[in-house]
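Below is one structure; the comments refer to it alone.
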Amino acid sequence: MTCLSLFQRARMTATIVASLFVFSYAAAGRPENVHVTYDASSRVFRMDAADVTYVLGVNEVEEVQTLYWGKRLSTGDVFPAAHSPRGTSSFDSPITVTQHEFAGWGGGLYLEPDLKITFPDGNRDLVLKYVSHNIDRGKLSIVMKDISREVYVTVRYVMDPETGILRRSAEIENRTDAPFTIEQVAAGTYNLPRGTDYHLHFVTGRWAGEWNVQDEAIRGGKIVLESRRGSTGSQNNPFFAIDRDISKDQDQGDVYFGALAWSGSWQISIEQDALKQVHITAGPNAFDFAYHLDKRERFQTPEFYGGFSDHGLGGASRLMHRLEIDSIVPNAPNPRLRPVLYNSWEATGFQVEEAGQMALAEKAASIGVERFVMDDGWFGQRNNDRAGLGDWYVNQEKFPHGLQPLIDKVHSLGMEFGLWAEPEMVNPDSDFYRNHPDWVLNFPGRPRTEGRNQLVLNLARPDVRAYVIGFLNKLLDENQIDFLKWDYNRNWSEPGWPAVPLEDQKNVYHDFTKNFYGILAELRAKHPKVEIESCSGGGSRVDLGVMHYTDQVWPSDNTDAADRLIIQNGFSYAYSPGIMMDWVTDSPNFVNRRTLSLEYRFLSAMQGSLGIGANLNKFTPDDFSVAKRLVAEYKAIRETVQRGPLYRIIPPEDGSEQSATEYVSRDGKQAVLFAFLHSSAERYPYPTLKLRGLDENAMYKLAPFAGKAIDRTPSVASGAYWMHHGLDADMFGDFQAAGFTLEEVVNSK
Ligand code: GLA
């Protein structure tokens, strides 16, 4: 066996193993609450769960076609057989106006295909037809095959019992007797009912400015949301929501929404066809993509989630949050509530050392912190961002006795110990890179473009994968580490993989991400108590793929508490506050040099999973007492904030001077309201806040934990009162914050 084929075999094994992990999602909820039926006479499949119905059928030319997606229908409703529509003219034949569930590129298809293949003989035509199906415990799979070649596609559907969100993916199997090249592949296509007034909502951003909510009308043509960066990226997040009108009310109207569970380059295309039908297709980005699929090999796509809500964008977010907490994150449906953490980064930068970290740990413990995290700077010659990445041994000058004394100290203070690492990266100025210059992504003879003075390891290589697993296992075996902050501080450039044959080199896009997941899965299996955070210079790698392996995410390096209102708002469209880490940091903040009160900073951060990143050495006794009080308040409301439905009462969008969020506990007995004022003008009072999601007939007691309501506000009133009359916060000035709890009063109904 040649060296190269050894290499390839190892790659194949890694790929197949990694695919298995992708399918090990927790089955939250009761699968018997998902109904999947097949009517053999009409050849119609129907899936029902929660408040959603999804219907598809096989038409007279054996294509698999969407028939309905939306609000749950009556069980008695029957669908006639699917029919291939008439084309509009010789320019748009039936195949290109059919609402395909999964279409090959061939036979005159001009829409975004789900699969495009080049065969070794030069043929590039692929027309997929229904072959068979299987229904098993609430799961539907449909097999399609090309009209002449042995190319099989299995499309799989699983509906989440609690939210009705559909999870779908496709597996491509090469049963021909030669390899072929997949040039484009998607998990599948969602098709919307015909309509001309659809609006697309999505999030864009950049470093320190992630999670901006955008919206635009869907008209003829195509909108592509994407990352070509090798990883998810903050410039676009792989999430969409589409509503039918431009109602400003967060909780009204029909919304279709979805997200791609993939942390590599990705694309979601939203295309309106010649009949004004909207198709949404998502998968790995087709740009510069190829996957060389050997005979007998199978290729598994990422999963593409899609949901429907008739409770507006707010309702769509609440379903996404529920799905993530109950069936995606590790330990779902019962993940731990996020501990309050302290992180040293903004306080000490790269200047970490034993005594300084111990002193910070003591102060953090005194205000109620539960997890102490030492950030960058503890290893190799890492005194700044120019050196040391890749040398994962403890720096002897900073920690002469290793990490154990600090870890023991942190544990003795009753806190967990967490550590920062950036396993996929190297500084050229590191012993590791000097020994392994070929282990990074590169094109021979070309420059290796650096970002933050670092290069990206080629995780697709089996030796790099083994090395990363090896040093992380050693680190976790030798130290009692409870938590890893896994960072990733740049995107790819020169994505070459010169060590493998030419036809395999573009497999790097797929294999890198699969190996990334495989490493995380192996680590979690070997160290089940260690929790992991996905960080990428802020929120550049947040998606449903990485979320399956990580307990929490870092949304942004921008910790300015006022900017954070906007960032956290955008984040919440797709992702749960129960995984969103928010730190209270120093004022003025390093980003905007804005000065904000400690209370404001706390209230901003308490809207997600609370952390502290301030330099506690600079805290006054007053600061300590405010912090201690608000950490305790947070612990009393955190289950509601991290698990309960979120209502964006006033989103900080379109230049709004106010922002307000409300969280209701899952049992409905507690609600938490946060209100912020950017700047008051002309003596106008704060808008009345009408709460949502309460029991109209229950009585709730109001208690402020910061700021206050106007005089004459009742301390106890019905859910109906708080929802219809509302609450008036007494807020004037600049950068004001108020927080209230409403607790159900027992026996007062
Ligand atoms: C990234 C992270 C920060 C911090 C630094 C350390 O920027 O987002 O939180 O960990 O790296 O270098």
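The values are calculated or read from the model by the stated rules, or taken from the named source; none is laboratory data. For clarity, every value in this text was computed on a predicted model and none was experimentally measured. Virtual Cβ from ideal backbone geometry, glycine too; neighbours counted across all protein chains shown. Keep in mind that these areas ignore ligands, DNA and RNA; they rest on the heavy atoms of the full protein, side chains included. Shrake-Rupley method; radii C 1.70, N 1.55, O 1.52, S 1.80 Å.
Taken over the stretch 518-530, the criterion of being open to solvent by 10 Å² or more (accessible area, probe 1.4 Å), in contact (Cβ under 8 Å) with a residue 12 or more places away in the chain and either assigned to a strand (DSSP E or B) or farther than 27 Å from Asp582 by Cα (or both) is satisfied by Glu522, Lys526. Kindly indicate the residue of the stretch 208-223 that is out of contact with any strand residue (DSSP E or B) (no Cβ under 6 Å at 6 or more places or on another chain) and of a type outside the set (A, V, I, L, M) and also farthest from Pro652 (Cα to Cα) among those meeting that condition. Going through the qualifying residues, I end up with Gly221. Is there a residue in the stretch 393-404 that is in a helix (DSSP H, G or I) and touching a residue at least 24 places away in the same chain (Cβ under 8 Å)? Among the residues of the stretch 393-404, at least one is in a helix (DSSP H, G or I) and touching a residue at least 24 places away in the same chain (Cβ under 8 Å), which makes the answer yes. The combined condition, being closer than 17 Å to Leu192 by Cβ and either surrounded by fewer than 14 Cβ atoms within 10 Å (Cβ to Cβ) or not basic (Lys, Arg) (or both), is fulfilled by Thr66. Of the residues making up the stretch 488-517, those that are within 16 Å of the ligand (Cβ to nearest atom) and open to solvent by 10 Å² or more (accessible area, probe 1.4 Å) are Asn489, Arg490, Asn491.
Give the residue that is nearest to Ser344 (Cα to Cα), with candidates limited to residues of the stretch 421-456 that are of a type in the set (S, T, N, Q) and open to solvent by 50 Å² or more (accessible area, probe 1.4 Å). It would help to see each step written out before you state the result.
The first filter runs over the stretch 421-456 and keeps only residues of a type in the set (S, T, N, Q), leaving 427, 430, 435, 442, 449, 453-454.
Restricting the remaining residues to those that are open to solvent by 50 Å² or more (accessible area, probe 1.4 Å) gives 435, 449, 453.
Values: Asn435: 31, Thr449: 30, Asn453: 22 Å.
Of everything passing the filter in the stretch 421-456, Asn453 is nearest to Ser344 (Cα to Cα).
Rundown of residues vs (1) outside any loop (DSSP other than H, G, I, E, B); (2) of a type in the set (A, V, I, L, M, F, W, C), yes/no style:
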| position | (1), (2) |
| --- | --- |
| Met723 | yes, yes |
| Met731 | no, yes |
| Phe740 | yes, yes |
| Glu743 | yes, no |
| Val746 | no, yes |
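Checking each residue in the stretch 274-310 for being part of a loop (DSSP other than H, G, I, E, B), among the basic types (Lys, Arg) and modelled with pLDDT of 95 or more picks out Lys295, Arg296.
Screening Asp375, Asp294 for residues that are touching a strand residue (DSSP E or B) at 6+ places or on another chain (Cβ under 8 Å) and within 16 Å of the ligand (Cβ to nearest atom) leaves exactly one candidate, Asp375. Among the candidates Arg206, Arg194, the residue that is basic (Lys, Arg), over 30 Å from Tyr291 (Cα atoms), part of a loop (DSSP other than H, G, I, E, B) and touching a residue at least 24 places away in the same chain (Cβ under 8 Å) is uniquely Arg194.
Restricting attention to the stretch 690-721 and to residues that are touching a residue at least 40 places away in the same chain (Cβ under 8 Å) and out of contact with any helix residue (DSSP H, G or I) (no Cβ under 9 Å at 6 or more places or on another chain), the residue that is most open to solvent (accessible area, probe 1.4 Å) turns out to be Lys701.
Scanning the stretch 604-642 for residues that are crowded, with 20+ Cβ neighbours inside 10 Å and among the basic types (Lys, Arg) yields a single hit, Arg638.
The set of residues from the stretch 187-231 being of a type outside the set (Lys, Arg), under 22 Å from Ala170 (Cα atoms) and out of contact with any Gly (no Cβ under 7 Å at 6 or more places or on another chain) comprises Gly188, Thr189, Asn191, Leu192, Val224, Leu225, Glu226.
Give the residue, chosen from Val542, Val530, Val546, Val553, that is away from the ligand (no atom under 16 Å from the Cβ) and aliphatic (A, V, I, L, M). Residue meeting the stated conditions: Val530. When the stretch 418-439 is filtered for residues that are more than 16 Å from the ligand (Cβ to nearest atom) and either within 32 Å of the chain's Cα centre (by Cα) or not in a loop (DSSP other than H, G, I, E, B) (or both), the ones remaining, listed by number, are Pro428, Asp431, Phe432, Tyr433, Arg434, Asn435, Pro437, Asp438, Trp439. Determine, yes or no, whether Leu596 is more than 16 Å from the ligand (Cβ to nearest atom) and either of a type in the set (Lys, Arg) or outside any loop (DSSP other than H, G, I, E, B) (or both). Taking the combined requirement at face value, the residue does not satisfy it.
Taken over the stretch 95-149, the criterion of being free of Cβ contacts under 8 Å to residues at least 24 places away in the same chain and under 30 Å from Asn33 (Cα atoms) is satisfied by Val131, Ser132, Asn134, Asp136, Ser141, Val143. If we scan the stretch 677-687, do we find a residue that is open to solvent by less than 10 Å² (accessible area, probe 1.4 Å) and out of contact with any Lys or Arg (no Cβ under 9 Å at 6 or more places or on another chain)? Scanning the stretch 677-687 turns up at least one residue that is open to solvent by less than 10 Å² (accessible area, probe 1.4 Å) and out of contact with any Lys or Arg (no Cβ under 9 Å at 6 or more places or on another chain).
Conditions (1) away from the ligand (no atom under 15 Å from the Cβ); (2) in a loop (DSSP other than H, G, I, E, B); (3) open to solvent by 30 Å² or more (accessible area, probe 1.4 Å), marked per residue:
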{"site": "Leu337", "(1), (2), (3)": "yes, yes, yes"}
{"site": "Glu346", "(1), (2), (3)": "no, no, yes"}
{"site": "Val352", "(1), (2), (3)": "no, yes, no"}
{"site": "Ala361", "(1), (2), (3)": "yes, no, no"}
{"site": "Gly368", "(1), (2), (3)": "yes, yes, no"}
{"site": "Gln381", "(1), (2), (3)": "no, yes, yes"}
{"site": "Arg386", "(1), (2), (3)": "no, yes, yes"}
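Look at Ile579 and say whether it is open to solvent by less than 10 Å² (accessible area, probe 1.4 Å), within 14 Å of the ligand (Cβ to nearest atom), aliphatic (A, V, I, L, M) and at pLDDT 95 or above. No; evaluated as a whole, the condition is false for this residue.
The set of residues from the stretch 103-123 being among the charged types (D, E, K, R) and surrounded by 14 or more Cβ atoms within 10 Å (Cβ to Cβ) comprises Glu112, Asp114, Lys116.
Here's the yes/no breakdown for (1) in contact with a strand residue (DSSP E or B) (Cβ under 7 Å, 6 or more places away or on another chain); (2) part of a loop (DSSP other than H, G, I, E, B); (3) among the small types (Gly, Ala, Ser):
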residue	(1), (2), (3)
Phe512	no, no, no
Arg541	yes, yes, no
Asp563	no, no, no
Gly578	yes, yes, yes
Pro588	no, yes, no
Arg601	yes, no, no
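For the stretch 737-747, check the following and say yes or no: at least one residue is at pLDDT 95 or above, out of contact with any Phe, Trp or Tyr (no Cβ under 9 Å at 6 or more places or on another chain) and of a type in the set (A, V, I, L, M, F, W, C). Taking every residue of the stretch 737-747 in turn, none turns out to be at pLDDT 95 or above, out of contact with any Phe, Trp or Tyr (no Cβ under 9 Å at 6 or more places or on another chain) and of a type in the set (A, V, I, L, M, F, W, C).
Residue count for the stretch 253-269, restricted to those that are assigned to a loop (DSSP other than H, G, I, E, B) and either surrounded by 24 or more Cβ atoms within 10 Å (Cβ to Cβ) or modelled with pLDDT under 95 (or both): 4.
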